[in-house]
1. Calculate the FRET efficiency for Asn300 and Glu98 from the Cβ-Cβ distance with a Förster distance of 25 Å, rounded to the nearest 0.05.
2. For the chain, what number results from the quotient of the Cα radius of gyration and 2.2 N^0.38 Å?
3. Go ahead and run the numbers for FRET between Asp257 and Glu146, Cβ-Cβ distance against an R0 of 41 Å, rounding to 0.05.
4. How far is helix 216-231 tilted, in degrees, relative to the longest principal axis of the Cα atoms in the chain, given as a value from 0 to 90 rounded to the nearest 10?
5. Taking the Cα centre of the chain as origin, sum charge times position over the Cβ atoms of Lys and Arg (+1) and Asp and Glu (-1), and report the length of that vector in debye to the nearest 20.
6. When the helices in the chain are scored as -39500 (n - 2.57) per DSSP H run of 4 or longer and the sum is shared across all residues, what 222 nm value do you end up with, to the nearest 500 deg cm²/dmol?
7. Given the whole protein assembly as supplied and a 1.4 Å probe, what does the accessible area of His106 come to in Å², nearest 10?
8. Which of Lys29/Lys262; Lys29/Lys218; Lys283/Lys311; Lys103/Lys225 have a Cα-Cα distance over 20 Å?
Amino acid sequence: MALKEILESIRHPHRVTFEARDLTPNYGKFVAQPFERGYATTIGNALRRVLLSSIPGYAITAIKIDGVTNEFENVPGMKEDTIVMIMHLKNVVVALPENVDAKTIHIKKEGPCTVTAGDFAVADADVNVFNPEHHIATIAEGYTFEMDVQIESGYNYVPAEVNMELLEDVNAIAIDAIYSPIVNVKFAVDDVRVGQRINYYGKLTLEIETKGNIAPEKALSWAAKLLRDNLTPFMLPEEANGDDEKIEETPKDSVLDSLKDKHVEEVEFSVRTANFLISSDLKTLDKVALKTDADLLRLNGANEMIIEEIKEKLAEYNAHLGMRG
């Protein structure tokens, strides 16, 4: 057997599975198998590190309150110290539309009242708040509370000192930005039997807990893409571009034929969409492309988000739903 054939014969999981009961807006439990000995631990460690360090999200990076120039000055009529209010702001879980990188919103409330994270969504419909009951401040009777809040996208942790250098308004107060939408990641590796071999192959179980502003399966997909992008430069050019060359060699008038070898497990669908297609016996992209929107909506587990993702993926291969052979 040629060396390249040996390399390609090494076992690796074809898809990631999950139980529906184990998938919520902020928690997912995913299983992949079988891995050759040692690979499950290697992949589990790598995914965990990327998930905890590099998945992007949104955070409050600065605030501005009239008459208050730093976190040590108190806000008139506010029960909490300014520094305590800032600590509350760091724990607000927000998101903006995907095409919006940053936004400044204005909060205004008359006392007596409490200011909560939900007031951000009231102030601007573009702001999605995932913990609306989260307490920020208490305002006494006879006082008006006004504050500008800057929300930005980013990743990892950025200290207030760095954000301060980017502020154009000298009266704004920079805040430590905790962008990561990931709360916790755990993984476990167990032996799994393949044929007559009992202790040689491994099963990887990955548990992801998020703040709710990103779906666990999407976070996992992004982490895998980041790993792939970082590993591609280590490959020889002919290996890295092999798939692209195959696509270029495909005649333009045979799009459906070119999709017959594109298995759903090999395409970068989210875990939820991939499992939907496989459970519906649509295991290759040519079978998917033959379906219409209406066909897919009749299938168990279908929704508009899944169909939209399928359309976007087919477009990458110059295909669309409703094609006929």
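The values are calculated or read from the model by the stated rules, or taken from the named source; none is laboratory data. Everything numeric here is computed off the predicted structure, so don't read it as measured data. So basically every Cβ, Gly included, is an ideal-geometry build from the backbone, and we count neighbours across all protein chains shown. In case anyone asks, the SASA skips ligands and DNA or RNA and just uses the protein heavy atoms, side chains included. Shrake-Rupley method; radii C 1.70, N 1.55, O 1.52, S 1.80 Å.
1. Numbers: r = 28 Å, r/R0 = 1.12.
In this case the efficiency is close to 0.35.
2. Values: Rg = 24.6 Å, N = 325, 2.2 N^0.38 = 19.8 Å.
The reported ratio for this selection is 1.24.
3. Details: r = 63 Å, r/R0 = 1.54.
Step by step, r from the Cβ atoms, then E = 0.05.
4. In the chain, helix 216-231 runs at an angle near 70 degrees to the longest axis.
5. Working: 34 positive and 54 negative charges, 322 e Å.
Rounded to the nearest 20 debye, it is 1540 debye.
6. Working: 13 runs with 109 residues, N = 325.
Calculated at 222 nm, the ellipticity per residue is -9000 deg cm²/dmol.
7. Using a 1.4 Å probe on the heavy atoms, I get roughly 90 Å².
8. Working: Lys29/Lys262 26 Å; Lys29/Lys218 13 Å; Lys283/Lys311 16 Å; Lys103/Lys225 27 Å.
Checking Cα-Cα distances, Lys29/Lys262; Lys103/Lys225 exceed 20 Å.
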